[in-house]
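The values are calculated or read from the model by the stated rules, or taken from the named source; none is laboratory data. In this text, all values refer to a predicted model and were calculated from it rather than measured experimentally. Here Cβ is always computed from backbone atoms with ideal geometry, including for glycine, and neighbour counts include all displayed protein chains. Note: accessible area is taken over every heavy atom of the protein model, side chains too, but ligands, DNA and RNA are not part of it. Shrake-Rupley method; radii C 1.70, N 1.55, O 1.52, S 1.80 Å.
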Amino acid sequence: MTASVVHCPALFLTAPASNQGKTTITAALARYFTNQGKVVRVFKTGPDYLDPQILAQASKQPVEQLDIWMAGDDYCQDKLFQAAQVADLILVEGAMGMFDGDPSSADLAARFGIPMAIVMDVKGMAQTAAALATGLANFRDDVQVAGLIANRCGSERHAELIRDALPENLPLLATLKRDEGITLPERHLGLVQADEVKDELEIRFEAAVEWLKETKDTGLLELPKAVVFYSINKKVSVNKQTDAEQTIEQRLAGKIIAVAKDAAFSFIYDANLIALQSMGAKVVFFSPLKDQTLPEADALWLPGGYPELHAKALSDNTAMRQAIHAFYQTGKGILAECGGMLYSLNDLTDLNDDCYPMLGILEGQGAMRGKRGCQGMQTAVIPQGDIRGHAHHRSRSANTPEPVGYGRRQRHPAPGEAIYQQKGLTASYLHLFFPSNLNATAKLFLADQQD
C-alpha cells in the first residue's frame, strides 16, 4: 500500500523583487547538494521556461512548474508528493517578489507548509536589509520564514551590520559576496537557454558551489527541516479555480504528436509533454531548423521560443516549410504558440529589421518590437473549452484573420491575446498549460476528427 504522507526537507527561495539572484542561488544550492550525492528536486513557481532549463541542468533532475492558478491545488500537491518520495531535498524557486501576484509565492509556500528563505541583493544597504527582511517575514502569520540570504554582500563588516540588526528568530542563512563569474547569462526574454551554453553553465555551477562554501553563515549549507507532503489519494487532475475535475482518459491513444524542438522552439513545459503522454499519445520531436522532413504524425505542436534569432535559417529551410504547409492542408491538428505562431505567419521581421518569409499557413506579418512587450496570466476561451496559460512576448502581429476568441485576463476586463483557428490550426500568442483542461487540449490535437 502506498503511503499517503511523506517527509522531505524543503526550502522555498523567495525575494522582495525580481533580479535579486534567486535563480543563481537556487541553481548553486541544487548543484551543491547534488555533488554530495543527494537527489534534489527543484520546482519553479509560475509560467517560466528558461529558469527550469537552468535548474534541471544544475540538479540533474527534471524541473516542473508549480502554479495554483494554472493547475490547481491538487495538481501542485501531487507534484510535491511525488517528488518527496524520491528526493532528499526539495527546492522551490519563487517568481517576482514574495507577495506579488494572485496567487503569490507566499500563497504557494503557505498552502504546502514550505519554509521560505528571503534572497536579497544587499548592495548599497545594511541595517535596511534587515528591516526589509523583518517586514517581509512578519507580513503574514501563515508564512514560515527560515532566514535571510544576503546576496552581493561587500565585506564581513557589511554582513555583521545586517546580522546584528536581524531579530533572533530571523537568522542570516548566508552572506554571499559579489561575484560576476557566477551570474547566469541573459537575453531579451530572460535567461539564455541551457542547451546553448551547457559547458559555460557547468563552469558557473561549480564556481557557484565554491561561492556558497565561502559564506561565514552556514545555515544554507545544511539540509532544511523536513516538511510533510500529502497524497491527494485519487487519480485525477483538478483545477479548483474552475471547479473542473478531470479523469485522465486515453483521448489520444495511438496518436503521434510531433513537437518542434530546437534552438528556435523550446518553450515547452515538461508538464505538457507528460499530459499528452498520460492521454495515450506518443511524442516525437523534430527540428524546423535542421530537418528536411516531418516525422510521421497525427498532429503538430509548434511551441514558443526564439524564431526571431533564427529567422533566416527557418526561412532558408524551404523543405521543412513545404512539409508543414502540406501537413496543414490535411486539416490535421496544429497548435502554434507565440514563437510558433510567428513561424506560422507569412513573414517575420527580426531584431535587425530584416524580413524573412515564414510558413504562410496563417495570414499576417510578425515583427519584433524591442523592449516593450506583453505578459500576464490568461485563459484561452475557445470552442474546445477554456485552457489556462500565459502570454510573454516582445513582438507584434498585423493583418491577421478574425480571431475565434480571445484570452480572458486573470485580473483585467480588457480582451487578452487573439486566438485564431482555421482548418486544424490553432494559433495564438498564449502559451497553454495542458493539465488545466486535458479534454480541451486533446480536441486541439484531434482537429480533423471533430464533428
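Couple of notes before you dig in:
- Against the numbered list (1) open to solvent by 10 Å² or more (accessible area, probe 1.4 Å); (2) touching a helix residue (DSSP H, G or I) at 6+ places or on another chain (Cβ under 8 Å), residue 22 comes up short only at (2).
- Single condition residue 7 does not satisfy, out of (1) assigned to a loop (DSSP other than H, G, I, E, B); (2) surrounded by fewer than 19 Cβ atoms within 10 Å (Cβ to Cβ): (1)
- Residue list for segment 421-450, restricted to those being of a type in the set (Val, Ile, Thr) and part of a strand (DSSP E or B): 426
- Hey, residue 114 outside any helix (DSSP H, G or I) and touching a Phe, Trp or Tyr at 6+ places or on another chain (Cβ under 7 Å) or not: yes
- Qualifying residue in segment 340-348 (condition: outside any helix (DSSP H, G or I) and within 20 Å of the chain's Cα centre (by Cα)): no
- Just so you know, in segment 360-388 the residues that are part of a loop (DSSP other than H, G, I, E, B) and open to solvent by less than 10 Å² (accessible area, probe 1.4 Å) include one that is farthest from residue 424 (Cα to Cα), and it is 364.
- Residue count, segment 276-306 (criterion: part of a helix (DSSP H, G or I) and either open to solvent by 30 Å² or more (accessible area, probe 1.4 Å) or at pLDDT below 95 (or both)): 2
- Verdict on residue 391 being under 20 Å from the mean Cα position of the chain (by Cα) and assigned to a strand (DSSP E or B): yes
- Flag if residue 269 is closer than 24 Å to residue 46 by Cβ and buried (at least 18 other Cβ atoms within 10 Å of the Cβ): yes
For every residue, the table says whether it meets (1) in the same structural domain as residue 60 (by the TED database); (2) without any contact (Cβ under 8 Å) to a residue 60 or more places away in the chain; (3) in contact with a helix residue (DSSP H, G or I) (Cβ under 6 Å, 6 or more places away or on another chain).
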site: 11; (1), (2), (3): yes, no, no
site: 15; (1), (2), (3): yes, no, yes
site: 28; (1), (2), (3): yes, no, yes
site: 36; (1), (2), (3): yes, yes, no
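- Yes/no for residue 80 being more than 20 Å from residue 205 (Cα to Cα), aliphatic (A, V, I, L, M) and part of a helix (DSSP H, G or I): yes
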